[in-house]
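The values are calculated or read from the model by the stated rules, or taken from the named source; none is laboratory data. Remember, predicted model here, so these are calculated numbers, not experimental data. Neighbour counts run over all protein chains shown; Cβ positions are idealised from the backbone, glycine included. Keep in mind that these areas ignore ligands, DNA and RNA; they rest on the heavy atoms of the full protein, side chains included. Shrake-Rupley method; radii C 1.70, N 1.55, O 1.52, S 1.80 Å.
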Amino acid sequence: MSDPETTPGTAAHQKIDTSVPHSARIWNYWLGGKDNYPVDEEAGDAYTDVFPGIVTIARSSRAFLRRNITYLVSEAGIRQFLDIGTGLPTADNTHEVAQRIAPESRIVYVDNDPMVLAHARALLYSTSEGATAYVDSNVLDPERVLAAAAKTLDLSRPTALILSNILGHIADHDEARSIVKRLMDALPSGSYLSINDGSRGFDPGFEQAQDGYNKSGAVPYNLRTVEEITSFFDGLELLEPGVVSVTRWRPDADAPDAPVIAEHGGLARKP
Ligand SMILES: C[S@@+](CC[C@H](N)C(=O)[O-])C[C@H]1O[C@@H](n2cnc3c(N)ncnc32)[C@H](O)[C@@H]1O
C-alpha cells in the first residue's frame, strides 16, 4: 500500500480547509455536535432555511444505523463491521452499539476527511476483547480500502459493510454501483450490506436545498430515487421491510408510525 501522506484523495494529503463547508462537519452541526466551523454553521443554516427537515433526516438516519447494528449483532451474529464514510464521532457510533452487545466485535472505520482523521482517536476506544481501527482512505479505491481493513478484520468471515450517507458523494450511479459490488464481492456468504441515503422524489424542498448546497463549494451530494438506492442491493437478499423510509425500518416500539421522510435505507444478506 502506498503512504496515505502522498495518496491523493486521503485526509493526510489535505489540510483542514475552514474556508469551505464540509459534509462531515455540517452533518455534525445538524446532529447537534461541536466539531464544526462558522462556514459549516452558515451552510447548515442556509440549508435548514430552505429545508428544516434535514435535521430530522440526519437524526433518523443515525437511529436507523443503530437499529441495523443492533439487529446484526443480536440476531445475525455479526462481529465484524466495515463502516465507510464514518463521519465525525457522535452518539452511538458503530463500535459503541456493537460492543455494548458483543464486546468482542471488531470495527474498521474509513473516511477521507482531515477533520475526521483528527478526531479518529475518539473512534478508537474499544473493549479489551474487541478492536476498532481507523483507516484514512478513499471509497473510490475499494481494493485499497479492503486491503487496509484486512489488517483488523478477517475478511474470510461474515462482515457487515456500512455505507451510511456516503454514496451520494459518488455522482455517477454506475460507478457507485460498481464500488458497492466490488466491496461486497470481497466478502463471504453471510455478510451484510447496510445502506441509507437521501432520497429524491419525496420533498421538493429537500431537492432545492441540496441544489443550493451543491453550489456552495462543498463536495456535491447527489440524492437518488428509491429505485436507484434499491439497485445497490442487487444480488443480495433484502431483509423485511426492504428499502423504506429509515423511520419505517423496524422502528422502535415507541415510534411505530413515524412519518415517511426523504431518507431511505435497507439491510441485505449476501447469499
Ligand atoms: C454525510 S457524512 C455521513 C456520516 C455518517 N456515516 C452518518 O451517516 O452519520 C459523509 C461522510 O463521508 C465521508 N466521505 C465523503 N467522500 C468520501 C470518500 N470519497 N471516501 C471516504 N469517505 C468519504 C465524509 O468525509 C463524511 O464523513
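If the chain linking Arg121 and Glu75 were pulled fully straight, counting 0.36 nm for each residue of separation and taking away their Cα-Cα distance, it would gain 13.6 nm.
Which pairs in the list Lys15/Lys181; Lys34/Lys181; Lys151/Lys270; Lys151/Lys215 are over 29 Å apart, alpha-carbon to alpha-carbon? Those over the limit are Lys15/Lys181; Lys34/Lys181; Lys151/Lys215.
Where only DSSP H runs of four or more residues are counted, the chain gives -10500 deg cm²/dmol as its mean residue ellipticity at 222 nm, each run worth -39500 (n - 2.57). In the context of the full set of protein chains, the chain has a per residue accessible area of 43 Å² (1.4 Å probe). In a DSSP loop and with at most 15 other Cβ atoms within 10 Å, the GluC sites (Glu not before Pro) in region 55-164 are Glu75, Glu104, Glu129. Take the chain and mark each of the trypsin sites (Lys or Arg not before Pro) that is in a DSSP loop with at most 16 other Cβ atoms within 10 Å; the longest unmarked stretch, sites excluded, is 35-150.
Where the accessible area of region 11-269 is counted over protein heavy atoms with a 1.4 Å probe, how much of it, in %, is carbon and sulfur? Result for region 11-269: 51 percent of the exposed heavy-atom area is carbon or sulfur.
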